Amino acid sequence: MIKPDGVHRQLIGEIITRFEQRGLKIVASKFVHLSRERAEEHYQEHTQKDFFDDLVEFITSGPVMAMVLEGADATRQVRSMVGETDPAESAPGTIRGDFGLDLGRNVIHASDHEDPGANEQEIDLFFDSDELIEYDRIDSEWLYEWLRVCLI
Ligand code: ATP
Ligand code: MG
């Protein structure tokens, strides 16, 4: 999910391009202004943290671009492309490392790959099942060796 700072800073295209070029497939997308209720549910694991109110305030302060990306080990790969929670600790080449400087303005959210089920829970929070689109990327045989068909 590209957060309101990423949207306002016109980074949507740049960020989506990175995921597309990596080989990940966009299977759902939604440009939405989160309600307080949905934001609180999304960040419920942080309810007790002292930054919770600021976090909810920020994530509801403008539109976000929510996406579901599919691909081999997608949740872990996306997290590694996103970088560390704090942009100041994120390596150059990662999204937060290239586009952020401040912990509270870290451009993008991604599901936690170390929390099993987090990705599915978040997909359910943002999307109805009929909003997930099934299709094949035309280059999939060039992305995955095991899909390569011998035509001769
Ligand atoms: P996200 O869930 O947004 O993808 P994350 O999983 O890297 O980020 P979390 O620990 O889940 O990090 O924290 C959620 C968000 O809360 C962070 O993205 C950051 O914006 C904010 N945050 C985390 N820790 C702090 C902190 N110590 N002070 C202020 N804000 C924080
Ligand atoms: Mg998190």
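For this structure, a couple of remarks:
- Of the residues LEU55, LEU24, LEU101, ranked by 1.4 Å probe accessible area with the largest first, the sequence reads LEU101, LEU55, LEU24.
- Relative packing of peptides 33-46, 66-79 - highest average C-beta neighbours within 10 Å first: 66-79, 33-46
- Over the stretch 4-151, relative contact order from alpha-carbon pairs under 8 Å, at least 6 apart, %: 23
- Positive-pole candidate from TRP142, GLY62, THR47, dipole of the stretch 4-151, charges at beta carbon: TRP142
- Each Lys and Arg Cβ is given +1 and each Asp and Glu Cβ -1; about its Cα centre, the stretch 4-151 then shows a dipole of about 560 debye.
- Only Lys, Arg (+1) and Asp, Glu (-1) charged, at Cβ; the stretch 39-87 dipole about Cα centre in debye: 260
- Once you reduce the stretch 82-152 and the stretch 1-52 to the center of their Cα atoms, the two points are 11 Å from each other.
The values are calculated or read from the model by the stated rules, or taken from the named source; none is laboratory data. Being a predicted model, the structure only gives us computed values, none of them experimental. Cβ sites come from the backbone with ideal geometry, for glycine too, and all protein chains shown count toward neighbours. Each accessible area value is taken on the protein alone, full model and side chains, heavy atoms only, with ligands, DNA and RNA left out. Shrake-Rupley method; radii C 1.70, N 1.55, O 1.52, S 1.80 Å.
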